[in-house]
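Just below is one structure, and these are the notes that go with it.
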Amino acid sequence: MGNTDCIFCKIIEGKIPATLVYEDDQVIAFKDIHPKAEVHLLLVPRTHIPSLNELEIKHEGLISHMLLLLPHLAHRQGLQAGFRTIINTGRGGGQEVDHLHLHLLGGNRMPGF
Ligand code: 5GP
Ligand code: ZN
C-alpha cells in the first residue's frame, strides 16, 4: 500500500491515469503532465520515499537501479544527443510532489538554468 495522500502512489496503484513508458518491480516511468521539454519523463520508485532527504543505505540498490536506467529510457525516447536529469529536494529545492522522482528531460525546448 502506498501513501494515500500521494499522487505518485496513486499513479503506481493505477488509481489515476498516467502515460507509462517503462515499469519493472522497483520503479515506474511516465510522462510529466506539464512537460518542460519535448521529452519530460518522471522516474519514480514504487516504494514511497518522500525525497533524497529520506534516502537510506538500504535504498542504495534502488537508487543505483534508477540512475542506470536513465540512459536506456533516454535512448528509447530518441535522445541520442543527450539528456538532463533533475532531482528537486524539499520546498527550497523546488520539490512539489513529496515522492522521490528523477526528472529526465531532452529534445527541443530544454529549460536552461
Ligand atoms: P517536482 O517539482 O516535485 O520536482 O516535480 C513534480 C512534477 O510532477 C512536475 O513536473 C509536475 O508537472 C508533475 N506532476 C504533478 N502532478 C502530476 C500528475 O498527476 N501526473 C503527472 N504525469 N505528472 C504530474
Ligand atoms: Zn508516494
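So that you can scan it fast, the table gives a plain yes or no per residue for (1) within 16 Å of ligand 1 (Cβ to nearest atom); (2) surrounded by 12 or more Cβ atoms within 10 Å (Cβ to Cβ):
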{"residue": "12", "(1), (2)": "yes, yes"}
{"residue": "18", "(1), (2)": "yes, yes"}
{"residue": "28", "(1), (2)": "yes, yes"}
{"residue": "34", "(1), (2)": "yes, no"}
{"residue": "37", "(1), (2)": "yes, yes"}
{"residue": "56", "(1), (2)": "no, no"}
{"residue": "77", "(1), (2)": "yes, yes"}
{"residue": "88", "(1), (2)": "yes, yes"}
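Out of 81, 74, one residue alone is small (Gly, Ala, Ser), in contact with a Phe, Trp or Tyr (Cβ under 8 Å, 6 or more places away or on another chain), at negative phi and more than 16 Å from ligand 2 (Cβ to nearest atom). It is 74. Every condition in (1) in contact with a Pro (Cβ under 6 Å, 6 or more places away or on another chain); (2) within 12 Å of ligand 2 (Cβ to nearest atom) is met by residue 27 except one, and the failing one is (2).
Per the conditions (1) under 14 Å from residue 43 (Cα atoms); (2) open to solvent by 10 Å² or more (accessible area, probe 1.4 Å); (3) free of Cβ contacts under 8 Å to residues at least 60 places away in the same chain, the sole criterion not satisfied by residue 103 is (3).
The values are calculated or read from the model by the stated rules, or taken from the named source; none is laboratory data. Predicted model only: the values in this text are computed from it and were never measured. Cβ coordinates were reconstructed from backbone atoms using ideal geometry, including for glycine residues, and neighbour counts include every protein chain displayed. Note: areas computed on protein heavy atoms with side chains; ligands, DNA, RNA excluded. Shrake-Rupley method; radii C 1.70, N 1.55, O 1.52, S 1.80 Å.
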